[in-house]
Structures are given as C-alpha cells and as structure tokens.
Amino acid sequence: MGFISRLVYFVSVLLLLHAAFSSFEYHQLMKNAAQDTARTPPVPRDIVYETYAALALFITATILSHNKLTYYNLFTLKRVSQDEYLRDTALRRATTVDNMIGNDPAAEVTHTPNLADIMSKRKEVIAYLQAETR
C-alpha cells in the first residue's frame with residue numbers, strides 16, 4: 001500500500017469521523033431545542049455531502065491500495081515463490097513434484113482405454129457388412 005493511498009485513507013477516516021460527530025452534535029441540539037415536536041428536521045446537507053465525500057475518498061483509497069494483478073500461467077514452468085501464502089504441506093509437496101515431472105493427477109479419470117470411438121466402430125461394421133454381402 002503506497003503513501004498516497006494511506007494518506008487518502010487517513011483523510012477519509014477524518015472526514016467520516018467529523019461527519020459523524022457533526023451529525024451527533026446536530027441531533028443533540030435539535031433534541032434540546034425542539035422538545036415539543038416529535039419529528040426532528042433532517043440532517044443538514046453539508047453533513048450529508050461530507051459523508052459522501054468521505055465514502056468516495058475511502059473507496060478511492062481502497063482502489064489505490066491494491067497492487068497490480070499478476071497472473072500465474074499454468075502451462076509455463078514459472079513457479080510462484082515457495083511459502084508465499086501457505087505453509088508447505090505433504091500434499092502440496094506431492095502436487096509440486098507431480099507438476100514438475102509432468103504427471104497428470106487426474107489420469108485415472110482422463111485415461112479411459114476401454115471406451116471406443118463409436119463412429120469409427122460403426123464405419124468398420126458397415127464396411128464389414130458391405131464386404132460380406134458382395
């Protein structure tokens with residue numbers, strides 16, 4: 001997170017706290033001044049605008065604080081640095097070894113030698129029947 005985003009965060013939090021304090025103070029004054037009315041007037045527009053500005057600055061600071069997205073291409077041999085996010089586990093080590101040697105972890109599912117190409121089998125049967133009828 002850069003210096004600019006931290007500064008914008010700080011300013012937005014100060015604005016939001018000031019708007020909250022102003023709203024609280026306004027409501028306290030209205031409660032003391034208007035005892036006979038059951039309905040208090042709405043919050044002044046400057047407090048509402050200050051709240052909107054604080055929220056806009058907070059969202060801007062959040063967007064600025066994110067680093068550039070980096071993508072990990074699964075088909076290249078580039079690796080994410082070890083132990084960057086998760087601790088090293090036995091399954092992770094085994095998966096890393098499988099990926100490095102080119103082993104397909106889903107080979108039991110994708111390797112299906114007993115499934116036949118039905119279209120080619122139909123062509124063979126048709127050719128056999130045509131050859132037999134001649």
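The values are calculated or read from the model by the stated rules, or taken from the named source; none is laboratory data. These figures come from a predicted structure and were not determined experimentally. Using ideal geometry, Cβ is built from the backbone for each residue, glycine included, and neighbour counts are taken over all protein chains shown.
Any residue at all in segment 64-77 that is modelled with pLDDT of 70 or more and assigned to a helix (DSSP H, G or I)?
Taking every residue of segment 64-77 in turn, at least one turns out to be modelled with pLDDT of 70 or more and assigned to a helix (DSSP H, G or I).
Being in a helix (DSSP H, G or I) and among the acidic types (D, E) is the filter; apply it to segment 117-134 and report the residue that is surrounded by the fewest Cβ atoms within 10 Å (Cβ to Cβ).
E132
Give P41, P105 a once-over and let me know the one that is in a loop (DSSP other than H, G, I, E, B) and at pLDDT 75 or above.
Residue meeting the stated conditions: P41.
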